[in-house]
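First the structure, in the form of structure tokens, and then the observations on it.
The values are calculated or read from the model by the stated rules, or taken from the named source; none is laboratory data. Nothing here was measured: the structure is a model prediction, and the numbers come from that model. Backbone-built Cβ (ideal geometry, glycine too); neighbour counts: all protein chains shown. Just so you know, the surface numbers come from the protein's heavy atoms only, side chains and all, with ligands and any DNA or RNA stripped out. Shrake-Rupley method; radii C 1.70, N 1.55, O 1.52, S 1.80 Å.
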Amino acid sequence: MISEVGGCLSMLLADKWKDYELIDASLGQKYERWGDIYLLRPDPQVIWDNGDLMLKYHNKIDAIYYRSNKGGGHWDNLKNIPSAWKITYNNLEFNIKQMGFKHTGLFPEQAVNWDFMIDKIKKANRPIKVLNLFAYTGGATVACLSAGAHVTHVDSSRGMVDWCRENVNASGYSGSNIRYLVDDVVKFVQREIR
């Protein structure tokens, strides 16, 4: 997240993680720790050469994601990996899974935005309602619930909404004020405006 501080732009880093770590990146790949699981995944934004990550970490990689020339790709699990595992960020808990398109169900760089939202909601001194569109597995939804907001979580994928429900329950906010909607975001917004 980029923020303006004293008239200067500064980048805010998601550096409070204990269960996630970007260890290294080179030649279109990143090597990460997700809890106790070490993953090597493609990342087209990594354009620098910091050596061959497969050679550097070959004994410490649990799974590698390989892209297909036809789109998508597959995971090659080098070690026994559970079908899902949990990681935490402060008091938030998330279920992590290997997905068919290199993802794990969470974007850890978004933690800085979660912190920002939590702070704003807590300082508002009034009830806050959050509309989370294209809400995916609910990182921002869980963060806003943790701060006491009422959240409407909208995503077009039933699987992603169900996954969000898992994350909300894992973090202990299942009784919170949340509304889950499986809907096309554009159509939902158009209906709400009418």
State all residues of segment 86-108 that are of a type outside the set (Val, Ile, Thr) and assigned to a strand (DSSP E or B); if no residue qualifies, say none.
LYS86, TYR89, LEU92, GLU93, PHE94, ASN95
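Restricting to segment 144-159, count the residues that are farther than 27 Å from LYS122 by Cα and open to solvent by less than 50 Å² (accessible area, probe 1.4 Å). Give the steps one after another, and end with the answer.
If we filter segment 144-159 for residues that are farther than 27 Å from LYS122 by Cα, which is where we start, we get 156-159.
Filter once more, keeping what is open to solvent by less than 50 Å² (accessible area, probe 1.4 Å): 157, 159.
Residues flagged as farther than 27 Å from LYS122 by Cα and open to solvent by less than 50 Å² (accessible area, probe 1.4 Å) within segment 144-159 amount to 2.
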Tally time: how many residues in segment 109-157 are touching an Asp or Glu at 6+ places or on another chain (Cβ under 9 Å) and assigned to a loop (DSSP other than H, G, I, E, B)?
7
Note down all Cβ pairs under 6 Å where the first residue falls in segment 138-153 and is within 22 Å of ASP184 (Cβ to Cβ), the second is among the aromatic types (Phe, Trp, Tyr) and assigned to a strand (DSSP E or B), and they're at least six residues apart or on different chains.
HIS153/TYR180
May I ask you to list pairs of residues, at least six apart or on different chains, whose Cβ atoms are under 6 Å apart, with the first in segment 159-178 being over 12 Å from GLY139 (Cα atoms) and the second being assigned to a helix (DSSP H, G or I) and open to solvent by less than 40 Å² (accessible area, probe 1.4 Å)?
TYR173/LEU145; SER174/VAL168; SER176/LEU145
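Among the residues that make up segment 87-101, is at least one of them farther than 24 Å from ILE61 by Cβ and in contact with a Lys or Arg (Cβ under 9 Å, 6 or more places away or on another chain)? Don't jump to the end; show me each part of the working.
We begin by selecting, within segment 87-101, every residue farther than 24 Å from ILE61 by Cβ; these are 90-93.
Filter again for in contact with a Lys or Arg (Cβ under 9 Å, 6 or more places away or on another chain), leaving 90, 93.
Within segment 87-101 (the criterion being farther than 24 Å from ILE61 by Cβ and in contact with a Lys or Arg (Cβ under 9 Å, 6 or more places away or on another chain)), the answer is yes, since at least one residue qualifies.
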Of the conditions (1) under 24 Å from ILE64 (Cβ atoms); (2) part of a helix (DSSP H, G or I); (3) open to solvent by 50 Å² or more (accessible area, probe 1.4 Å), the single one that VAL186 does not satisfy is (1)
Where GLY175 falls short, out of the listed (1) outside any loop (DSSP other than H, G, I, E, B); (2) over 20 Å from ASP36 (Cβ atoms); (3) open to solvent by 50 Å² or more (accessible area, probe 1.4 Å):
(1)
